[in-house]
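In what follows, a structure is listed as structure tokens, so that the remarks can point back to it.
The values are calculated or read from the model by the stated rules, or taken from the named source; none is laboratory data. Bear in mind that the values here come from a model prediction, so they are computed numbers and not experimental data. With ideal geometry, Cβ positions are generated from the backbone for all residues, glycine too; neighbour counts draw on all protein chains shown. To get the accessible areas, we keep the full protein, side chains included, count just its heavy atoms, and leave off ligands, DNA and RNA. Shrake-Rupley method; radii C 1.70, N 1.55, O 1.52, S 1.80 Å.
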Amino acid sequence: MKYGTAKSFEKGIYKMKRNVAILIFKEAEVLDFAGPFEVFSVASEVHGFELFNVFTIAKSREPVIAVNGLSVNPDYDFSSAPDIDILIIAGGNGTRALQQDKTTLQWIKKTHESTAYTLSICSGSRLLAILGLLDNRPYCTHHQVYEHLQQLVPTGLPQRDKRYVNSGKIFTSGGISAGIDLSFHIVRLLHGDTVANSTAKYMEYNLDR
């Protein structure tokens, strides 16, 4: 696994700066990608810009029109992105079309093979299900998507009462705002309570709710 060149220090252990890629696409849910982007980028900002390099990625560099018309310019396309340590797959109405997009599915599958963690937010879980990555595993998704997920992955184990769940190196979260909670969980997992709490304090986000 390759990381960036910057180093961070937590509890006496030097860690390499991690690349966090957020997959966006037409009709992606805005908070699904903006929430995690804010958590990881602010965590790095308030700790000397040393923890994470956060960027968006899409099939092409053309502007992506997300849900409700927000236009976003991806930082990278599939062919130009640096090595990815943490892959975050946004959800939204666009995940239905992506179930038929072989290029995107193949890229997710290949990228997942070398990530430290792969995360889905909301209905982004559909894409993990299509790839067989949720077979016989617990998962979370948007409350309106569980019925569809049970069709896509009948052996999966839906966790309707949880905000997010871990299945090996795969993490899935519930709908929309739950992606923020999952992102804080990953920050805490990698860098401890102090970093997570100071990030939440800066964002005025209540981690105890």
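Across segment 54-71, the qualifying residues are those that are over 24 Å from residue 106 (Cβ atoms) and in contact (Cβ under 8 Å) with a residue 40 or more places away in the chain, and the one among them that is least open to solvent (accessible area, probe 1.4 Å) is 67.
Within segment 92-115, restricting attention to residues that are assigned to a helix (DSSP H, G or I) and without any contact (Cβ under 8 Å) to a residue 12 or more places away in the chain, the residue that is farthest from the chain's Cα centre (by Cα) is 102. A Cβ distance below 9 Å, combined with a sequence gap of six or more or placement on separate chains, defines the contacts here; from segment 193-209, residues that are within 15 Å of residue 44 (Cβ to Cβ) reach residues that are open to solvent by 80 Å² or more (accessible area, probe 1.4 Å) and assigned to a loop (DSSP other than H, G, I, E, B) in the pairs 194/11; 200/206. Somewhere in segment 187-199, is a residue outside any strand (DSSP E or B), surrounded by 18 or more Cβ atoms within 10 Å (Cβ to Cβ) and touching an Asp or Glu at 6+ places or on another chain (Cβ under 6 Å)? There is at least one residue in segment 187-199 that is outside any strand (DSSP E or B), surrounded by 18 or more Cβ atoms within 10 Å (Cβ to Cβ) and touching an Asp or Glu at 6+ places or on another chain (Cβ under 6 Å).
Quick check: anything in segment 62-79 modelled with pLDDT under 95, part of a loop (DSSP other than H, G, I, E, B) and more than 26 Å from residue 133 (Cα to Cα)? No, segment 62-79 contains no residue that is modelled with pLDDT under 95, part of a loop (DSSP other than H, G, I, E, B) and more than 26 Å from residue 133 (Cα to Cα).
Residue count for segment 116-132 under the criterion of being in a loop (DSSP other than H, G, I, E, B), surrounded by fewer than 22 Cβ atoms within 10 Å (Cβ to Cβ) and not small (Gly, Ala, Ser): the result is 1. If you check residue 82 against the conditions, is it open to solvent by less than 50 Å² (accessible area, probe 1.4 Å), in contact with a Pro (Cβ under 8 Å, 6 or more places away or on another chain) and either within 23 Å of residue 177 (Cβ to Cβ) or touching a residue at least 24 places away in the same chain (Cβ under 8 Å) (or both)? Considered against the rule, which asks whether it is open to solvent by less than 50 Å² (accessible area, probe 1.4 Å), in contact with a Pro (Cβ under 8 Å, 6 or more places away or on another chain) and either within 23 Å of residue 177 (Cβ to Cβ) or touching a residue at least 24 places away in the same chain (Cβ under 8 Å) (or both), residue 82 comes out as no.
For beta carbons closer than 8 Å, sequence separation of 6+ or different chains, a first residue in segment 120-133 that is at negative phi and a second that is open to solvent by less than 10 Å² (accessible area, probe 1.4 Å) and charged (D, E, K, R), the qualifying pairs are 121/32; 124/32. Within segment 154-164, the set of residues being part of a strand (DSSP E or B) and in contact with a helix residue (DSSP H, G or I) (Cβ under 9 Å, 6 or more places away or on another chain) comprises 158, 164. The residue that is modelled with the lowest pLDDT, counting only those in segment 165-175 that are assigned to a strand (DSSP E or B) and touching a Phe, Trp or Tyr at 6+ places or on another chain (Cβ under 7 Å), is 167. Report yes if residue 93 is touching a strand residue (DSSP E or B) at 6+ places or on another chain (Cβ under 9 Å), polar (S, T, N, Q) and open to solvent by 30 Å² or more (accessible area, probe 1.4 Å), otherwise no. The answer is no for residue 93. Inside segment 133-155, can you point out the residues that are touching a Leu at 6+ places or on another chain (Cβ under 6 Å) and surrounded by 22 or more Cβ atoms within 10 Å (Cβ to Cβ)? The answer is 134, 141, 153.
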